[in-house]
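The values are calculated or read from the model by the stated rules, or taken from the named source; none is laboratory data. Small disclaimer: the values here were computed from a predicted structure and weren't measured. Quick reminder, even Gly has a Cβ in these numbers, built from the backbone with ideal geometry, and neighbours come from all protein chains shown. What goes into the accessible areas is simple: the full protein's heavy atoms, side chains included, and nothing from ligands, DNA or RNA. Shrake-Rupley method; radii C 1.70, N 1.55, O 1.52, S 1.80 Å.
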Amino acid sequence: MSIRMKLLLSYTWTLLVTLLIFFSIAFFVTAAVTGDVKGFRDFYRIHFSLNPLPPAVDNLYLEMKFAAKKDPSELGNPDVMVDYGNRLRTEKASLLVLKNDQIQFKSYALEDVPVQALLPPYDERNGTLRNTVEQDKRFYAYAKFDFAYRDGTPGRLFVFRELSPFAELSRRLLPIWISLLFIMLVLTNVLLFSFVTRSVVKPLEKLRRSAEHIKEGQLDFQIGTAPRNEIGQLYTSFEEMRLKLKASVEMRLQYEENRKELLSNISHDLKTPLTTIKGYIEGIRDGVPNTPEKMAKYVDTIYSKTNDMDRLIDELFLYSKLDLNQVPFSFQMIDIKRYVRDFAEELRFDLENRGFQLELAIDESPQPWMVRADPEQFKRVLSNIIANSVKFADKSDRRIRLELKRTPSEAIVTLRDNGLGIPAEALTQIFDRFYRAEVSRNSRSGGSGLGLAIAKRIVEGHGGRIWAESEPGEGTSVMISLQMADSKEEVGKS
Ligand SMILES: Nc1ncnc2c1ncn2[C@@H]1O[C@H](COP(=O)(O)OP(=O)(O)O)[C@@H](O)[C@H]1O
Ligand SMILES: [Mg+2]
């Protein structure tokens, strides 16, 4: 069942229950007050159609009625009637006695009121004793008694009392008032229904349409201003969802693009050495190297190209595993000062053989600087950077400087060389996979362009940062920062 239908039903139900309660309360109250179950039915008639006279007046009326029954001649006695008239006058009521339609007595208050014209016809059975008459916007409640004098002449006895116009008016208006109340009740319900429909069902409808858009893959739309309620919160969540979804779709497209690029790079980088190898083998098959020296040169080339390919495949393999977060880091607490110093000493011999001067600048203080790192993988980071410094050295005086500093929260390793340098526009890209700053991909270096990409992945796996600064022609600095373990503990404690 739709919400709209449910709302309609519940409002109708509320309306019915309200009416039921209203009438049942009215019923029980009148039953309790009048002590009669039929009271409710009579209630309106007695109180609103027939207007009872006040008790004092009614008593006088009953007295006269009794007299009229017992000894009608009493009502012919002027003294008695004057007496009754006076007593009634103190209660603001008036008396009218008729004998055969002749006025026997008429209170002074009725002097200029032609009540006679309004009187009901003579009725010996006295079916209706009380009623109201109207004369020139003035209302009179009366009680009457029709009787017969001894001689059989019809006699009539009337006690009048003027009603305040307001009381009469409200009596007349009561049915209208109740109907108005009922209409108001219905109207309120209708208004509430449309209000709730507008504030709940319509926005929901809007949300549904938006969801429909999303289903069709259409993510570029605005849902509109959110109302300030629960539905508004839903709007906000929905909007957030749309943006996330959009971002993820865009990321997927980007990823797809990357994958294509990666594939073409890999094929290219594998194809190049393979073509060379093929060429050399064909040469051997055709007997081109006709001396043992030439043959040795051919075989050496083939060997070195195979090595290139092997290395490239290893790097690719590692990179793809890092990319998929499949390299399990085995983190340990290491003293980075000792670690870097050991690494430098390990490397010193090899580097000096290649004509490099290795310079160390590590804090001399004895206390250890603990960081959380995977020693194996971190060594790969440093090696990849040093390998670049070696590869891109272009001066006869070759220097590599290894520096270790710290801030309160980070340890920063700097590897600085005085090589070729990197153009400013390439600086941000050297950490992208397959990126090589030289224009020609078939460069003398023969690198894969994966070294720094791998380094970056590993450093990020450690929660650290890696960046580079360079002065083309002067040299390059690559910086790695790692969180200090002690500072982390402090952060954890505080
Ligand atoms: N120390 C450096 N001096 C000059 N250029 C560098 C240096 N380190 C990196 N580069 C540039 O960054 C590029 C990417 O480096 P890398 O990812 O290690 O790939 P590869 O070494 O296989 O070329 C290099 O091709 C080179 O152009
Ligand atoms: Mg490299």
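A few notes on this one:
- Relative contact order computed over the chain (Cα-Cα under 8 Å; 6+ residues apart), in percent: 9
- Per-peptide average of other Cβ atoms within 10 Å, ordering 448-459, 128-139, 310-321 highest first: 448-459, 310-321, 128-139
- With Cα atoms defining each centre, the range 217-284 and the range 137-210 are spaced 74 Å apart in the structure.
- Each of 365, 153, 184 was placed along the dipole of the chain (beta-carbon charges, centred on the mean Cα), and the one lying farthest toward the positive end is 153.
- Set of aspartates and glutamates with alpha-carbon distance to residue 297 below 18 Å, sequence-local pairs under 8 removed: 282, 286, 308
- Measuring max minus min along each principal axis, the C-alpha atoms of the range 249-320 give extents of 61, 21, 10 Å (largest first).
- Within the accessible area of the range 378-427 (1.4 Å probe), percent carbon and sulfur: 53
- Packing-based ranking, highest mean first, of 79-92, 277-290 given that Cβ atoms within 10 Å are counted: 79-92, 277-290
- Relative frequency of Cα-Cα separations exceeding 15 Å in the range 166-226, percent: 68
- Cα pair distances in the range 50-163, grouped into 5 Å bins until the bin that holds the longest one, percent each: 2, 12, 26, 27, 21, 9, 2, 0
- Potential extension, residue 460-residue 222 segment - 0.36 nm per residue separation minus Cα distance: 82.1 nm
- The shape of the chain can be summarised by an equivalent ellipsoid whose semi-axes, obtained from the alpha carbon gyration tensor, come to 121, 27, 17 Å from longest to shortest.
- On full extension, the segment bounded by residue 199 and residue 103 gains 27.3 nm, given 0.36 nm per residue less the C-alpha separation.
- Here the range 152-232 has 67 percent of its accessible surface on carbon and sulfur atoms, given a 1.4 Å probe and all protein chains in place.
- Ordering of 198-209, 389-400 by burial proxy (mean other Cβ atoms within 10 Å per residue, highest first): 389-400, 198-209
- Where the chain is the region considered: accessible area per residue in Å², 1.4 Å probe: 62
- Total charge dipole magnitude, the chain, about the Cα centre, Cβ charges on Lys, Arg, Asp, Glu only, Debye to nearest 20: 1320
- The three principal axes of the C-alpha atoms in the range 328-493 carry coordinate ranges of 52, 30, 26 Å, sorted with the longest axis first.
- J(HN,Hα) series, the range 142-151, from Karplus relation 6.51 cos²θ - 1.76 cosθ + 1.60, nearest Hz, glycine and proline x: 9, 10, 10, 8, 9, 9, 10, 5, 3, 7
- Of the DSSP H helices in the chain, those with a Cα length along their own long axis of 27 Å or more and a mean Kyte-Doolittle hydropathy reaching 0.5 comprise 3-34, 165-196.
- Whole-percent carbon and sulfur share, accessible surface of the range 249-320, 1.4 Å: 60
- The Cβ shell under 12 Å around residue 123 holds other residues with a net charge of +1, Lys and Arg each +1, Asp and Glu each -1.
- The helix-based estimate of mean residue ellipticity at 222 nm for the chain, built from -39,500 (n - 2.57) per DSSP H run of four or more residues and divided by its residue count, is -18000 deg cm²/dmol to the nearest 500.
- Förster-model FRET efficiency, 60 Å R0, residue 80 and residue 191, C-beta, rounded to 0.05: 0.40
- The modelled label-to-label distance between residue 63 and residue 33, using points 7 Å beyond Cα along the C-beta direction, is 2.9 nm.
- Using 0.36 nm per residue and subtracting the Cα-Cα separation, the extra length available between residue 391 and residue 405 on full extension is 2.5 nm.
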